[in-house]
Amino acid sequence: MNSQMLDPPAEAPLQWPQREEMRVPYRVFTDPAIFELEQQRLFRGPHWSYAALEAEIPEPNDFKSTHIGDTPIVVTRDKDGALHAWVNRCAHRGALVCRDRLGKTEQFTCVYHQWAYNASGSLASVPFRRGVAGQGGMPADFDMHAHGLTKLRVASYRGLIFVTFAAEDRVEPLPQYLGADACAMLDRIFNRPIRLLGDERQVMHGNWKLYSENTRDAYHGSLLHLFHATFGLYRASQKGGSVMDATRRHSLLTATKEESQDQQALAGLRTYQSGQFSLEDPSLLAGRPDFNDGISLVILAIFPNLIVQQIANSLVVRHMLPRSVGEMELVWTYFGYADDSEEMEGIRLKQMNLVGPGGLISMEDGEAVELVHEAIVRDGDKTSYIAMGGKKGEPQNNLVNEAPIIGFWNYYRKAMGFTG
Amino acid sequence: MNDRGYQQEVGSSTAVADLRAMPAYQLQYEVERLMRAYCECIDEDQLERWPSFFVEDGRYQIITHSNTVRGLPANALSCDSAAMMRDRVVSLRHANIYGAQSYRHIVSNIDVKHVDGSNVSAQSHYIVVRTMAREGEPLLFSAGKTLDTLVMTADGLKFRERRVISDNDRIHTLIVLPI
């Protein structure tokens, strides 16, 4: 929104070559000034950032601390059950107020001078505010209401909590921000109460947008990740496709289990080694459909920092936390459903072997991000070439395209003011 | 029994000895010898032998301390049979793409906890230093403890269960090799 009116950033001038989003100048991944501008225009700009699952803070007085961009924040549920979020920085002298990742409390007290805040981030008490025996204390005109924590706006969709720094008139309401396709997919996956299974945290030594590209990239799936091919479970001929929202900042990749063998397309691929190996213990791949629509793979990338995944029975929200221009953390939060049988939970836990930082079908993504980041250290005006499936970021009915990546860059360029 | 006993491919999972009859110092020695051989197998890139340190229905799991304190069952790796471990090794050797790397395990505080017939439970502390070949720099990769159940078989002590509980819940880049 409003991105067309942004001034070209003086502090990080960037000429986008030929105004083509299929060519991305490598400097966007390496320039600290661009990372700074992203904090302002993306993470603190007119966008909703994912922050938590309601299931992580299910009860009154629960809280979770996390980051939006590189800003520390806390998401809370107050004693009446309402959600709040605020910047985790004391209004007094700037110390971290909340020092735990997760917990339960009625009041947040900064340890430095014990300024205390309630769950909504309003200042509740200041020690020695009136001084001691008439000496010291805050000025008489000190206004408690004017010294709360920096509050963020919060909205929840199907149990996913998003926050924004932007005022109501600067960003759409959350459902419109997500768009109809993303909402429909969240309706599908979060159709009933979930049960948390736990987190994994993966540090990637590369820029966060390299991972944003990765999660919008159907093309690499059967080429980088060779587990299925090696064990004769080849998937490139799976049916599937990509759609984007109207702004093209989000992407939804889906695939169905139905296979259409296309031996000709597979000829010559070094990765195709059908039948060379087989699993000794195929229980690794055993599962039961969670949905009756045949969709076995969903990668829903929501701008700027969320990926929702369904791979067979593996259900995950992946939360991207950019830590610096050259490093990001990815928090994988695994879940099942509250009504899962013990057997079903066992299936989901076993399928954790397939995904995540040690997953047999996905471990390579961290490596791929780092291989790019390491190589683009110089020549920032050189560009990538993203043209699989045509040079446009249009919806695709196949899994050999890079269209959602182009869509991402199209939106990014506008949101950052890189009109070039 | 000699160290070769730990290098046979697939041994019998039948318990053969009542460990209560074994002097404590000897049991401590046997447990330490198993741990040493296990670490050497991984650190010296003999991954194909890794599953043979387990009985056929042995279990292996890496979980984080932070998930366990929350009572959450998520794991970074979990195998509930030696066959599944062999599948993982085949996948690592032939399917997965990752930077060439090696581990160096440092294991200490090996504590034989409890003997129950032919089973013995033991705990140890570990750090694993990982060296990525391209970078050439050994960096601390993981630290934590192991909770093991061992069983005496015709091929010597084997793991019935190994639970690795890592203090760190951050994994840099990816986790390839077992701990």
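Going by a ≥ b ≥ c, the root eigenvalues of the Cα gyration tensor, does chain B fall in the rounded group (a/c under 1.5), the prolate group (a/b larger than b/c) or the oblate group?
Prolate.
Would you mind checking the tilt of helix A:364-375 against the longest principal axis of the Cα atoms of chain A, expressed as 0 to 90 degrees and rounded to 10?
So the helix axis and the longest Cα principal axis differ by about 80 degrees.
How big is the Kirkwood radius of the protein assembly as shown, worked out from every pair of different alpha carbons and given in Å to one decimal?
It works out to 26.2 Å.
If a cysteine in the protein assembly as shown has no other Cys Cβ under 4.7 Å from its own Cβ, put it on the list, ordered by number.
When partners are defined as cysteine Cβ atoms under 4.7 Å apart, the protein assembly as shown leaves A:Cys98, A:Cys183, B:Cys39, B:Cys41, B:Cys79 without one.
Take the Cβ-Cβ distance between B:Val107 and A:Asn292 as r, set R0 to 56 Å, and report the resulting FRET efficiency rounded to the nearest 0.05.
After rounding to 0.05, the efficiency reads 0.70.
Treating only the Cβ of Lys, Arg, Asp and Glu as charged (+1, +1, -1, -1), what charge dipole size does the stretch A:270-419 show about its Cα centre? Round to the nearest 20 debye.
Working: 12 positive and 20 negative charges, 161 e Å.
In total the dipole reaches around 780 debye.
Just name one of B:Cys39, A:Met352, A:Val28: the one whose Cα is farthest towards the positive end of the charge dipole of the protein assembly as shown (beta-carbon charges, Lys/Arg +1, Asp/Glu -1).
Of the listed residues, the answer is A:Val28.
Is the stretch A:29-145 rounded, prolate or oblate when judged by the Cα gyration tensor, a ≥ b ≥ c being the square roots of its eigenvalues, rounded requiring a/c under 1.5 and prolate requiring a/b larger than b/c?
It comes out oblate by the Cα gyration axes.
Within 10 Å of each Cβ of B:76-84, how many other protein chain Cβ atoms are there on average?
6
Among A:171-177, A:130-136, how do they line up from the highest to the lowest mean number of other beta-carbon atoms within 10 Å?
On the way: A:171-177: 16.4, A:130-136: 8.6.
Listed from highest to lowest mean packing, they are A:171-177, A:130-136.
If amide H atoms are built 1.01 Å from N in the plane of the peptide, which residues on other chains or at least 5 residues away come under 5 Å of the amide H of B:His172?
A:Val203
Work out the FRET efficiency for A:Asp379 and A:Gln39 from their Cβ-Cβ distance, taking R0 = 30 Å, and round it to the nearest 0.05.
Approximately 0.75, to the nearest 0.05.
Taking each residue of A:225-233 in turn, how many C-beta atoms of other protein chains fall within 10 Å of its C-beta, and what is the average?
Working: counts 3, 5, 4, 1, 2, 6, 5, 0, 0.
Counting other chains' Cβ atoms within 10 Å and averaging over A:225-233 gives 3.
Just need the relative contact order of the stretch A:69-127 here, percent rounded to a whole number, with Cα pairs under 8 Å and 6+ apart.
On the way: 88 pairs, mean separation 15.1, N = 59.
Relative contact order of the stretch A:69-127: 26 percent.
Could you pull out every one of the aspartates and glutamates with an alpha carbon less than 18 Å from that of A:Lys239, ignoring same-chain neighbours closer than 8 positions?
A:Asp217, A:Glu258, A:Glu259, A:Asp262, A:Asp293, A:Glu394, A:Glu402
List, in the order given, every pair from A:Lys350/B:Lys113; A:Lys64/A:Lys392; A:Lys257/A:Lys392; A:Lys257/A:Lys350; A:Lys209/A:Lys257; A:Lys151/B:Lys145 whose Cα-Cα distance in the structure shown is over 31 Å. Numbers along the way, then the final one.
Details: A:Lys350/B:Lys113 29 Å; A:Lys64/A:Lys392 40 Å; A:Lys257/A:Lys392 27 Å; A:Lys257/A:Lys350 19 Å; A:Lys209/A:Lys257 29 Å; A:Lys151/B:Lys145 41 Å.
Distance filter (> 31 Å) returns A:Lys64/A:Lys392; A:Lys151/B:Lys145.
Residue by residue through A:188-198, how many Cβ atoms from other chains fall within 10 Å of the Cβ on average?
Mean inter-chain Cβ contacts per residue within 10 Å come to 2.
On a 0 to 90° scale, report how tilted helix B:82-94 is relative to the longest principal axis of chain B, with both axes built from alpha carbons and the result rounded to the nearest 10.
Long axis of B:82-94 versus the principal axis of chain B: about 30 degrees.
What number comes out for the charge environment of B:Asp116, summing +1 per Lys or Arg and -1 per Asp or Glu over other residues with Cβ under 14 Å away?
Details: positive: B:Arg20, B:Lys113, B:Arg160; negative: B:Asp18, B:Asp148, B:Glu161.
Charge balance near B:Asp116 sits at 0.
Give the longest segment of chain B that steers clear of GluC sites (Glu not before Pro) in DSSP loops with at most 15 neighbouring Cβ atoms within 10 Å, not counting the sites themselves.
It works out to B:45-134.
Specify the residue with the greatest mean-square fluctuation among A:Asp290, A:Asp365, A:Asp340, computed from a Gaussian network of chain A linking alpha-carbon atoms under 10 Å apart.
Answer for the Gaussian network model of chain A: A:Asp340.
For A:His145 paired with A:Leu102, estimate the spin-label separation in nm (one decimal), with each label point 7 Å from Cα along the Cα-to-Cβ line.
Placing both labels 7 Å beyond Cα along the Cβ direction yields 3.7 nm.
How far is helix A:403-416 tilted off the main Cα axis of chain A, in degrees rounded to 10, range 0 to 90?
30
State, as an integer percentage, the relative contact order of the stretch A:299-396 based on alpha-carbon contacts under 8 Å between residues 6 or more apart.
Taking the mean separation of contacting Cα pairs over the length of the stretch A:299-396, I get 14 percent.
In whole Hz, with x marking every Gly and Pro, tabulate ³J(HN,Hα) for the stretch B:146-160 from phi via Karplus 6.51 cos²θ - 1.76 cosθ + 1.60, θ = phi - 60°.
Rounded to whole hertz, the list is 10, 10, 10, 10, 10, 9, 7, 10, 4, 9, x, 5, 9, 7, 8.
How high is the relative contact order of chain A, in percent, with contacts defined as C-alpha pairs under 8 Å that are six or more residues apart?
23
Please get the size of the charge dipole for the stretch A:339-390, origin at its Cα centre, with Cβ charges of +1 on Lys and Arg and -1 on Asp and Glu, quoted in debye to the nearest 20.
On the way: 4 positive and 12 negative charges, 66 e Å.
Computed charge dipole of the stretch A:339-390: roughly 320 debye.
Values in this text are rule-based calculations from the coordinates and carry no lab data. These numbers come from a predicted model, not from an experiment. Methodologically, a virtual Cβ is constructed for each residue, glycine included, from the backbone with ideal geometry; neighbour enumeration extends over all protein chains shown.
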